[in-house]
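The values are calculated or read from the model by the stated rules, or taken from the named source; none is laboratory data. All values derive from a computational prediction rather than experimental measurement. Note: ideal-geometry Cβ built from the backbone for every residue, glycine included; neighbour counts use all protein chains shown.
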């Protein structure tokens with residue numbers, strides 16, 4: 001989805017953020033959260049997942065949620081689907097874009113969707129053939145798996161090739177458990193962009209070990225322009241030990257905006273969404289640094305260290 005901005009931020013909080021929240025969020029609250037996110041300027045939002053209510057009870061009201069948001073203009077909604085049944089329900093509800101989950105790791109795929117990688121790929125082929133919908137593949141454990149460790153770049157490229165050969169034009173490279181580092185991100189994303197120029201790649205980073213923003217910036221530097229993020233920094237994979245929250249939307253937008261990279265998102269409006277989220281989920285800790293610290297009172301426009309003989313750019317402080 002073209003936005004006219006320098007980067008596209010895909011909000012995954014209503015899906016990846018809420019799937020780990022034990023308390024059921026009422027349908028009206030979910031609809032309100034998504035509507036507020038859209039009002040802040042987000043143009044693409046993952047609204048949830050069409051999965052078995054037994055697997056993730058949080059999404060047992062997906063049809064009602066979609067009915068409450070689908071009429072909003074200028075916003076593209078997607079939902080995660082693990083199989084043909086979920087894909088059919090999503091399309092029937094009015095969702096035009098499906099996020100199909102597929103893991104590079106056989107062990108993680110078995111834990112997450114209860115089927116082999118081969119079975120998942122066959123399921124993807126059926127969805128691609130039978131349903132008139134845009135499909136993005138969320139490729140999990142690209143940057144490491146809690147069961148199998150790190151993947152080689154050759155391994156990654158082979159599975160990307162299988163997906164691209166099906167005609168899939170959009171793939172999200174996911175750091176499912178926060179193993180990634182900037183050097184690794186550069187190697188993998190450069191290889192994917194080089195070998196598959198016909199595919200629009202996005203990245204999905206978790207901030208489990210504090211490198212989420214660093215990884216996002218490195219991905220931007222080498223040419224990635226689509227980024228998943230979750231309001232408040234919520235999220236994590238319920239089927240991967242040690243997976244904690246996503247890169248916070250507020251932090252990612254703040255970083256890009258302050259660098260002069262246009263996101264099209266209103267930071268003040270976005271922070272109000274964070275406040276609303278905290279109100280409806282009082283027991284959940286929001287890890288967003290910008291939400292906790294607030295926006296700077298003043299903005300620095302001159303990053304020089306001061307001309308010779310001139311005043312320093314920052315006030316002196318003796319109590320270091």
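Would you check if there is a residue in the stretch 94-105 being without any contact (Cβ under 8 Å) to a residue 60 or more places away in the chain and either part of a helix (DSSP H, G or I) or over 23 Å from the mean Cα position of the chain (by Cα) (or both)?
Among the residues of the stretch 94-105, not one is without any contact (Cβ under 8 Å) to a residue 60 or more places away in the chain and either part of a helix (DSSP H, G or I) or over 23 Å from the mean Cα position of the chain (by Cα) (or both), which makes the answer no.
So residue 66 ticks every box in (1) under 20 Å from residue 98 (Cβ atoms); (2) in contact (Cβ under 8 Å) with a residue 40 or more places away in the chain; (3) surrounded by fewer than 24 Cβ atoms within 10 Å (Cβ to Cβ) but one. Which box is left unticked?
The failed condition is (2).
Could you list, in sequence order, all residues of the stretch 159-173 that are without any contact (Cβ under 8 Å) to a residue 40 or more places away in the chain, out of contact with any helix residue (DSSP H, G or I) (no Cβ under 9 Å at 6 or more places or on another chain) and part of a strand (DSSP E or B)?
The answer is 170, and nothing else.
Among the residues of the stretch 22-43, write down those that are surrounded by fewer than 16 Cβ atoms within 10 Å (Cβ to Cβ) and not in a helix (DSSP H, G or I).
22, 23, 24, 26
Keeping to the stretch 196-213, report how many residues are over 21 Å from residue 159 (Cα atoms) and either buried (at least 16 other Cβ atoms within 10 Å of the Cβ) or in contact with a strand residue (DSSP E or B) (Cβ under 8 Å, 6 or more places away or on another chain) (or both).
6
Determine, yes or no, whether residue 80 is in contact with a strand residue (DSSP E or B) (Cβ under 8 Å, 6 or more places away or on another chain), modelled with pLDDT under 95 and under 24 Å from residue 192 (Cα atoms).
In short, no.
Quick one: would you say residue 60 is within 29 Å of residue 216 (Cα to Cα), modelled with pLDDT of 95 or more, surrounded by fewer than 24 Cβ atoms within 10 Å (Cβ to Cβ) and out of contact with any strand residue (DSSP E or B) (no Cβ under 9 Å at 6 or more places or on another chain)? Before you say what the answer is, go through the steps one by one.
Working: within 29 Å of residue 216 (Cα to Cα): no; modelled with pLDDT of 95 or more: yes; surrounded by fewer than 24 Cβ atoms within 10 Å (Cβ to Cβ): yes; out of contact with any strand residue (DSSP E or B) (no Cβ under 9 Å at 6 or more places or on another chain): yes.
Criteria not met by residue 60.
How many of the residues making up the stretch 178-212 are in contact with a helix residue (DSSP H, G or I) (Cβ under 9 Å, 6 or more places away or on another chain) and modelled with pLDDT under 95?
Of the residues in that region, 3 qualify.
Have a look at 85, 58, 46 and point out the one that is more than 17 Å from residue 131 (Cα to Cα) and not in a strand (DSSP E or B).
Just one listed residue meets the conditions, 58.
Quick one: residue 236 ticks every box in (1) at positive phi; (2) modelled with pLDDT under 95; (3) surrounded by fewer than 15 Cβ atoms within 10 Å (Cβ to Cβ) bar one, so which box is it?
Exception for residue 236: condition (3).
Could you please let me know if residue 147 is in a loop (DSSP other than H, G, I, E, B) and at pLDDT below 95?
yes
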